């Protein structure tokens, strides 16, 4: 195993949450560092111009910039596959590998791997998105046999504004969906300040929190040959 591991993270341009959170998560891991490359994302909706932001071309260009830093793995820390189809992320990681020669993963693919590993069939969903985006995510999980038994969303479409949602508001939504007794709750947006809430929520509810900033880190560490269990204080998912 290499004494150093560089995690390359693809980041929506208007995101302000995932970079400090990702860096904080890996800060205690000896020899592990996080490096970021942005591409333009400003709106989350089902409008054509918003969907076109996730065309592969700018994402691959950002991945090539990370490759210049000789990162060990590239992770797309974004959740667009939730409403655009999980197969999009599967194709994206293949193209990143072809273009850069570097292993790749995504927030959604890692989340779905965790769901499969733990045979989660009852999931709750918390996001800042609009109703139509949220319902598209719910439908995609239903298609793979995962029932969203409770959900809360904030009706926001401006990506920058997701990062302004207070942690107390997110905590309140977590407690509301926990009443449905899901097997896990997913905070489905990498521009929410939700990752830090995992230990407190899990302690009071007994339900695991699968935050998508954390699932990205979990997936990147595994892809880079490091055990996610080395991460302490950010929730139970790292022990899976």
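Check off (1) farther than 26 Å from residue 50 by Cα; (2) modelled with pLDDT of 95 or more for residue 240 and give me the number that stays unchecked.
Among (1) farther than 26 Å from residue 50 by Cα; (2) modelled with pLDDT of 95 or more, residue 240 violates only (2).
Please find, within the stretch 101-120, the residue that is farthest from residue 142 (Cα to Cα) out of those that are without any contact (Cβ under 8 Å) to a residue 60 or more places away in the chain and surrounded by fewer than 19 Cβ atoms within 10 Å (Cβ to Cβ).
As a first pass, look at the stretch 101-120 and keep what is without any contact (Cβ under 8 Å) to a residue 60 or more places away in the chain: 101, 112, 116, 119.
With surrounded by fewer than 19 Cβ atoms within 10 Å (Cβ to Cβ) added as a condition, the list becomes 101, 116, 119.
On the way: 101: 34, 116: 14, 119: 14 Å.
It comes out as 101.
Looking only at the stretch 35-70, which residues are touching a helix residue (DSSP H, G or I) at 6+ places or on another chain (Cβ under 7 Å) and either touching a residue at least 60 places away in the same chain (Cβ under 8 Å) or on the phi > 0 side of the Ramachandran plot (or both)?
41, 42, 43, 44, 45, 46
So, in the stretch 121-134, of the ones that are in contact with a strand residue (DSSP E or B) (Cβ under 9 Å, 6 or more places away or on another chain) and surrounded by fewer than 21 Cβ atoms within 10 Å (Cβ to Cβ), which residue ends up nearest to residue 42 (Cα to Cα)?
So the residue we want is 130.
Given the structure, is residue 144 over 24 Å from residue 48 (Cα atoms) and either under 18 Å from the mean Cα position of the chain (by Cα) or surrounded by 23 or more Cβ atoms within 10 Å (Cβ to Cβ) (or both)?
No, not satisfied.
Restricting the first residue to the stretch 209-235 and requiring it to be surrounded by fewer than 24 Cβ atoms within 10 Å (Cβ to Cβ), which pairs with a second residue that is assigned to a loop (DSSP other than H, G, I, E, B) meet a Cβ separation below 7 Å and a spacing of at least six or different chains?
Once the first residue is surrounded by fewer than 24 Cβ atoms within 10 Å (Cβ to Cβ) and sits in the stretch 209-235, its partners that are assigned to a loop (DSSP other than H, G, I, E, B) give 224/72; 225/1; 230/29; 231/29; 232/28.
The values are calculated or read from the model by the stated rules, or taken from the named source; none is laboratory data. Keep in mind it's a predicted model, so treat the numbers as computed, not measured. Note that we place each Cβ from the backbone using ideal geometry, even for glycine, and neighbour counts take in every protein chain shown.
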